[in-house]
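> Pasting a structure below so you can have a look.
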Amino acid sequence: MDSTIEAQDRAVRIAVYEHTVERGVPPLATALAERSGLPVGRVRESLERLAAARDLVLQPESREILMAAPFSAVPTAFAVRAAGRTYHANCIWDALGIPAMLGVDALVETACACCGEAMAARLDAGRLAPLDGVVHFAVPAHRWWQDIVHA
């Protein structure tokens, strides 16, 4: 790949994560264009390449960002309250990854997948506080990308 394109994709990816950390949700392509100084068309081309490389997941029709792991662009069953913001994670694995990525304490609010009972997990100083519950992955990790949205 051309080094100019690689640099552009890197700049777009960095802008995605900077915006997400600051605002709690991944940006739209227009906001990325504004932030990066690139035309929207070039930002969209970068997003497509980043999605092809599995760095991001795009929404099927709008081609806006759906997932910038560990962050979700839409509300999910995994709300992470950290650094004065609420982030949404794609799964419990990602929910635990957000405070690790940010280096902050957090509260993860979710519910039992079996019965719907509210559950919360607290992370303090990089450690998960004791809690009752089991993390279950219904799909083996090696199959996640067969359908990453529903894995």
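> If you go through region 42-89, how many residues are among the aliphatic types (A, V, I, L, M) and assigned to a loop (DSSP other than H, G, I, E, B)? Quick ask: steps written out before the conclusion?
Quick first cut of region 42-89, residues among the aliphatic types (A, V, I, L, M) only: 43, 47, 50-53, 56-58, 65-69, 73-74, 77, 79-80, 82-83, 89.
Then drop every residue that is not assigned to a loop (DSSP other than H, G, I, E, B), which leaves 53, 56, 69, 73-74, 77, 83.
Residues meeting the conditions: 7.
> Tally time: how many residues in region 16-29 are over 21 Å from G84 (Cβ atoms) and in contact with a helix residue (DSSP H, G or I) (Cβ under 6 Å, 6 or more places away or on another chain)? Before the answer, list the steps.
Within region 16-29, the first condition is being over 21 Å from G84 (Cβ atoms), and the residues that meet it are 28-29.
Filter once more, so that each one left must be in contact with a helix residue (DSSP H, G or I) (Cβ under 6 Å, 6 or more places away or on another chain): 29.
Qualifying residue count for the region: 1.
> Could you give me the residue pairs with C-beta distances under 6 Å whose first residue belongs to region 20-43 and is surrounded by 14 or more Cβ atoms within 10 Å (Cβ to Cβ), whose second residue is of a type in the set (K, R) wherever it lies, and which are 6+ apart or on separate chains?
G24/R85; A29/R44
> So, in region 88-111, exactly how many residues are within 12 Å of V135 (Cβ to Cβ) and in contact (Cβ under 8 Å) with a residue 60 or more places away in the chain?
Going through region 88-111 one residue at a time, the tally reaches 1.
> Kindly list, by first and then second residue, each pair from a residue in region 112-133 that is assigned by TED's automatic domain parsing to the domain that holds A100 and modelled with pLDDT of 90 or more to a residue that is among the β-branched types (V, I, T) and not in a loop (DSSP other than H, G, I, E, B), limited to pairs with Cβ atoms under 6 Å and residues at least 6 apart or on different chains.
Matching pairs, first to second residue: M119/T110; A121/V108.
> Only one residue in R13, R85, R54 is within 17 Å of L123 (Cβ to Cβ), of a type outside the set (V, I, T) and out of contact with any strand residue (DSSP E or B) (no Cβ under 8 Å at 6 or more places or on another chain). Which one? Full working, then the answer.
Numbers: R13 fails: within 17 Å of L123 (Cβ to Cβ); R54 fails: within 17 Å of L123 (Cβ to Cβ).
Checking each option against the conditions leaves just R85.
> Can we say D105 is loosely packed, with under 14 Cβ neighbours inside 10 Å and either among the small types (G, A, S) or more than 30 Å from P60 (Cα to Cα) (or both)? Working first, answer last.
On the way: loosely packed, with under 14 Cβ neighbours inside 10 Å: no; either among the small types (G, A, S) or more than 30 Å from P60 (Cα to Cα) (or both): yes.
No.
> What about A31, is it small (G, A, S) and either under 19 Å from the mean Cα position of the chain (by Cα) or outside any helix (DSSP H, G or I) (or both)?
Values: small (G, A, S): yes; either under 19 Å from the mean Cα position of the chain (by Cα) or outside any helix (DSSP H, G or I) (or both): yes.
When the stated conditions are applied, A31 passes them.
> Sticking with this one: Check D9 against each of (1) outside any helix (DSSP H, G or I); (2) in contact (Cβ under 8 Å) with a residue 40 or more places away in the chain and name the one condition it does not meet.
In the conditions (1) outside any helix (DSSP H, G or I); (2) in contact (Cβ under 8 Å) with a residue 40 or more places away in the chain, D9 misses (1) alone.
> Still on this structure, please answer the following. Output the number of the condition that Y87 fails; it satisfies all remaining conditions of (1) aromatic (F, W, Y); (2) exposed (fewer than 13 other Cβ atoms within 10 Å of the Cβ); (3) touching a helix residue (DSSP H, G or I) at 6+ places or on another chain (Cβ under 9 Å).
(2)
The values are calculated or read from the model by the stated rules, or taken from the named source; none is laboratory data. The structure presented is a predicted model; accordingly, all values stated were derived computationally and were not measured. All Cβ positions, even for glycine, are placed from backbone atoms using ideal geometry, and neighbour counts span all protein chains on display.
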